[in-house]
2 protein chains.
Amino acid sequence: MSKVNLTEKFSLFDDIWSPKLVGELNENYVKLAKGLGELDWHSHDNEDEFFLVVSGHLDIHFRDAVIALDPGEFYIVPKGVEHRPVASEETEIMLIEPKETLHTGSSQTEQTVAIEDQTWI
Amino acid sequence: MSKVNLTEKFSLFDDIWSPKLVGELNENYVKLAKGLGELDWHSHDNEDEFFLVVSGHLDIHFRDAVIALDPGEFYIVPKGVEHRPVASEETEIMLIEPKETLHTGSSQTEQTVAIEDQTWI
């Protein structure tokens, strides 16, 4: 693989809540996504999900709390925990999660991007 | 877990080439390390290793190439590939690798930090 420059990769797409693949390690994918507004409530039964905010601001809502992430901050959502990402401004996010992770977990919604539609950039 | 602020975590330690644990996901650890000078040549038989440069500059030497990483750039060293990280200035690095990954792989050197000595911060 080549090295990945995050700024360069984020310049290649504009769609929202639509993860792009930029790396793979140990059966996980590294993905980049832009967030704006809300993604639907969901959980992943068997996969922890790593969120690092690169720019903007991300609030990860849980049923009993909100984790607020600014650039340079990350949070790992444990497997099985319901969450809803909310971005009040356009936000650049690096995600790491197992290859089999479904975009919106066990919830299929209009926002869901199928694994096979998550393309490499 | 709480969220992790990278700047805050890097302020908590000064030792060089000595990874600290800051997160775990899917049988991998997220680690922070400061680099300066060279770490010994080594490889990891079964583990891919993710390097993201947060500040400074990291050259990852391979037997036939060098990958130069500035802040906001990452590279994934594939399993089994010999490499030597070199930092010409103090450099902050976020690593992600399987929990069983040995610091300097199959090479045991004076620089090696045993897994049980890689502490949480």
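The values are calculated or read from the model by the stated rules, or taken from the named source; none is laboratory data. Predicted model, so just to flag it, every value in this text is computed and none were measured. Note that we place each Cβ from the backbone using ideal geometry, even for glycine, and neighbour counts take in every protein chain shown. Ligands, DNA and RNA are stripped out before the accessible areas are found, and what is left, the full protein with its side chains, is counted by its heavy atoms. Shrake-Rupley method; radii C 1.70, N 1.55, O 1.52, S 1.80 Å.
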statement: Env charge @ A:L58, Cβ radius under 12 Å, K,R +1 / D,E -1, value -4
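What translational D, rounded to a whole number of µm²/s, comes out for the protein assembly as shown from Stokes-Einstein when the hydrodynamic radius is the Kirkwood one over Cα pairs, at 25 °C and 0.890 mPa s?
Values: Rh = 18.3 Å.
Approximately 134 µm²/s, per Stokes-Einstein.
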message: Cross-link candidates for B:K34: which lysines have Cα within less than 28 Å, leaving aside residues fewer than 8 places away along the same chain?
response: A:K3, A:K9, A:K31, B:K3, B:K9, B:K20, B:K79, B:K99
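By how many nm would the segment from B:S88 to B:L21 lengthen if fully extended, with 0.36 nm per residue of separation less the alpha-carbon distance? Mind showing how you got there, number by number?
Details: separation 67, 0.36 × 67 = 24.12 nm, distance 2.38 nm.
Length gained, B:S88 through B:L21: 21.7 nm.
Provide the buried accessible surface between chains A and B in square angstrom, both chains summed, 1.4 Å probe, rounded to the nearest 100. Mind dumping the intermediate values first?
Working: alone 6520 and 6510 Å², together 10620 Å².
Using a 1.4 Å probe on protein heavy atoms, the buried area is about 2400 Å².
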- request: At q = 0.15, 0.28 Å⁻¹, work out log10 I(q)/I(0) for region A:71-121 with the Debye formula, treating every Cα as an identical point scatterer and leaving solvent out; two decimals please.
  value: -0.52, -1.53
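Regarding chain A, what is the average projected area of its C-alpha convex hull, in nm²? Spell out each step's value before the answer.
On the way: hull surface 27.9 nm².
Averaged projected hull area, Cα only: 7.0 nm².
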task: Would you kindly work out, in nm and rounded to one decimal, the distances from the label point of B:D64 to those of the same position in each other copy, ordered shortest first, with label points 7 Å along Cα-to-Cβ?
output: 5.5
message: With the label 7 angstrom out along Cα to Cβ, how close does B:E90 come to the same site in each of the other copies, in nm, nearest first?
response: 3.6
task: Can you list the distances in nanometres, one decimal and ascending, from the A:T109 label point to the identical position in each other copy, with the point 7 Å along Cα to Cβ?
output: 4.9
message: How large are Rg and Dmax for region A:25-65 when calculated on the C-alpha trace, in angstrom?
response: 12.1, 32
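Would you compute, from DSSP H runs of 4+ residues alone, the mean residue ellipticity of chain B at 222 nm, taking -39500 (n - 2.57) per run and dividing by the full residue count, rounded to the nearest 500?
On the way: 1 runs with 5 residues, N = 121.
So the helix-based figure for chain B works out to -1000 deg cm²/dmol.
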For region B:53-121 and region A:7-26, distance of Cα centres in Å: 23 Å
